[in-house]
Structure formats: structure tokens, C-alpha cells
1. Would you pick out the residues in the range 168-216 that are in contact with a Lys or Arg (Cβ under 7 Å, 6 or more places away or on another chain) and small (Gly, Ala, Ser)?
2. Out of all the residues in the range 175-187, which are closer than 17 Å to Arg139 by Cα and surrounded by fewer than 18 Cβ atoms within 10 Å (Cβ to Cβ)?
3. What's the number of the only condition in (1) surrounded by fewer than 19 Cβ atoms within 10 Å (Cβ to Cβ); (2) outside the structural domain of Val74 (by TED's automatic domain parsing); (3) within 20 Å of the chain's Cα centre (by Cα) that Thr199 fails to meet?
4. Kindly check whether there is at least one residue in the range 95-114 that is modelled with pLDDT of 95 or more and more than 15 Å from the chain's Cα centre (by Cα).
5. Can you pull out the helices (runs of 4 or more DSSP H) entirely within the range 86-191 that have at least 2 residues that are more than 19 Å from His211 (Cα to Cα)?
6. If you check Leu194 against the conditions, is it among the aliphatic types (A, V, I, L, M) and either in a helix (DSSP H, G or I) or in the same structural domain as Asn46 (by TED's automatic domain parsing) (or both)?
Amino acid sequence: MRAGRVWVDGKPATELGMRVDPTRARIEVDGRRVNVREDREYWVLNKPAGYVTTATDPQRRPTVMDLVSTRTRVYPVGRLDADTLGLLLLTNDGELAHRLAHPRYRVEKTYLAEVRGSMSAEACKRLVEGVRLDDGAARAGAARVVGRGKSRSQVEVIMTEGRKREVRRMLETIGHPVTKLVRTRFGPIDVRGLKAGATRVLTPHEVGELHKLVGL
């Protein structure tokens, strides 16, 4: 605060020990918003295969909520298919969750797909230019081959929307069915260092970056 790094509601905070309403105040440190509401929780999960992305399941399959232990009830941001692995955000911040999942805000989600066949750069170009699916055109923000063999390839795909099984359907349409799909990044958050089935609380810096990303 003495260095002028803390701002409250758009103004420098100058009084040590000043009080604010955490439900209303916008607090920033070094230009990044920080979470000060104790009733808000922000988690990242490295989802394993076989778990459905719902709070409850009528078929009694295991859900991602079985893997998260929180003080309050949190909800998944968007969803991953049961057979898709990787990064899933969970929170009880409803407005943030809505904006992160809405295609209007164009939040990038990065996937690593293992596919059948030797995939070419031309195939990646097709993903970016757009392919026709049964529910309309779909296109990737970016796509690149990161590993290639005679019968298998690995491709990184970046999406800004999340229709049902969209990445799988796009790759199948261009002749490269997916054998394994992992989401590695959601906006600025990545899954590195987090074991399958493990969770961690987002840092205040990460929470601030997510809010900034969608204009909150």
C-alpha cells in the first residue's frame, strides 16, 4: 500500500488498516484483481477418464464432484465428456462461470488429441478454416501437429467454443478419429504438475486473471 501497488475501486489505497466491503469492493494489486470474498471458491481439477461433469448423475456414474472437497458447493465451468481428460474449473462464482463458458467471450481452451493416421499440416489448416458438422460449421482458433507417426499423431487444438464433443467430431470429419483427448489449458490456467484426479485452489493472481479475461 505504501508503494501505491494496492487499488480499491479504481483509486490508490493510502490508509493502512482501511476497511472495505468484500462483497462490493474491487481490489487490485499491481493492476490485477484479487479475490477477497471468503464465500467464493475457485478450483482446478485434472479430470480422469470415466467421470461425468455433473453434480449428480441419474445413472449413478462417478461424477467430478466426487473428486473435490470444498467448504461450499461449487459447480463445473462448462463440461468435459466422460472419456475426455484434463483441466476442469469449478467455482461458485456464477457470473464468472457464465462468462468463461459463453462463446461470446472467446476464452481459449487448449486440447491435446491423439488421433489415428499420420496427420499433415494441411489437415490442421482445414480445422482452422472450418469444417461442416451436423450442427453447423466449426473451426479451431489454431491447430498444429506436435507428434507424428505412421499410424498415430498428436495434435494441439485451440478452441473458443465448446459444443458437445466438438473437437472429436471435427477431427473425425477430416479423417483422423480421436483415440485420446486431454484439455491442457483453460484461458491462463494450465494443468501442468497436477496428477490425474487431483485438485488445487486457484491462486489470487489466477482468479484475478480469469476475471480480467472476461471483463469482470
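1. The answer is Gly208, and nothing else.
2. Residues satisfying the conditions are Gly175, Pro177.
3. (2)
4. yes
5. Numbers: elements: 94-101, 121-129, 166-173.
Here the list reads 121-129, 166-173.
6. On the way: among the aliphatic types (A, V, I, L, M): yes; either in a helix (DSSP H, G or I) or in the same structural domain as Asn46 (by TED's automatic domain parsing) (or both): yes.
Yes.
The values are calculated or read from the model by the stated rules, or taken from the named source; none is laboratory data. Quantities reported herein were computed from a predicted structural model and do not represent experimental measurements. In this analysis, Cβ positions are derived from the backbone assuming ideal geometry, glycine residues included, and neighbour counts consider all displayed protein chains.
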